[in-house]
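The structure appears right after this line, and notes come after that.
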Amino acid sequence: MNGSNRRQAYDSAVKNALEKLRGIDMRARCRELGFPEPLPDETIALRAFGRDLELVSPDYDAVIAGTREKIHVFNRILILRYLCADAPPVPTGELVSFRSLPSGIFYWNPFRERSAALLEKRFGNDLNQIRSALARFDWEPYPAGDLGASIHAIGAVRVYLIYRAGDDEFPPSAEILFDSVIQRVYNAEDAAVLAQQVCLDLVKL
């Protein structure tokens, strides 16, 4: 997809999400989803992707709190689609691979190259560097691998990283998983972009 087509796809996704949100009582929706109620000017403040953000009415442009700096458009799309959830997503505690999501198996190789493989190439066996990179997010240790992390994305949606250091026989390996609740909020493409955005932030110098 070239830049022009990608921009059109993003614009269409934003437009569709905003149309779904029209007519919704956003104060009630924020309460249902566990977000603070909108401010008097209808701005919605929330924590997502390791940052304090604001959705500015009327079109819910997503900016870093206290600034006018916009976040990546697809992160905005992920937030808007989360707000479109018909009922509060509740984590199940069951972790699933991208492979098991509808159509996920067909896009497994591109998914892995754009997420877990980035971490393997960047960090190798340096677990301390991964821990330092994780400080960019709100995260908790997860009991798996040589380093496991439950990384908060938005609301009830988290990305799980399970990292295993390499040895003389096997190279380092990273695995990206999701709580199965993600299927109530996002499709496979959304999940792929979410994982990619998290991994790109982790590998930034």
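Bear in mind that the values in this text are calculations on the coordinates, not laboratory data. Every value quoted in this text rests on a predicted model; they were computed, and no experiment measured them. So basically every Cβ, Gly included, is an ideal-geometry build from the backbone, and we count neighbours across all protein chains shown.
What to note about this one:
- Remark: the range 143-157, residue by residue, has Karplus-estimated 3J(HN,Hα) of x, 7, x, 7, 8, x, 9, 9, 9, 6, 9, 7, x, 8, 8 Hz, where x stands for each Gly or Pro and the curve is 6.51 cos²θ - 1.76 cosθ + 1.60 at θ = phi - 60°.
- D_trans [Stokes-Einstein, Kirkwood Rh over alpha-carbon pairs] for the chain, 20 °C, 1.002 mPa s, µm² s⁻¹: 120 µm²/s
- Modelled FRET efficiency - R0 25 Å, LEU39 with LEU127, Cβ distances, 0.05 increments: 0.05
- Length, then width, then depth: along the principal axes, the Cα atoms of the range 3-83 run 36, 28, 20 Å.
- Calculated SAXS-style log₁₀ I(q)/I(0) at q = 0.12, 0.24 Å⁻¹ - the range 95-203, Debye, Cα scatterers: -0.37, -1.45
- With the simple spin-label model, which puts each label point 7 Å out from Cα in the Cβ direction, the GLU169 to THR67 separation comes to 4.8 nm.
- Under 25 Å between alpha carbons - lysine pairs in the chain that sit 8 or more apart or on different chains: 4
- With K and R counted +1 and D and E -1, the other residues having a Cβ less than 13 Å from that of CYS199 yield a net charge of +2.
- When each of the peptides 136-147, 164-175 is scored by the mean number of other C-beta atoms lying within 10 Å of its residues, the order from highest to lowest reads 136-147, 164-175.
- Column: log10 I(q)/I(0), Debye, Cα scatterers of the range 74-137, q = 0.22, 0.28 Å⁻¹: -1.17, -1.08
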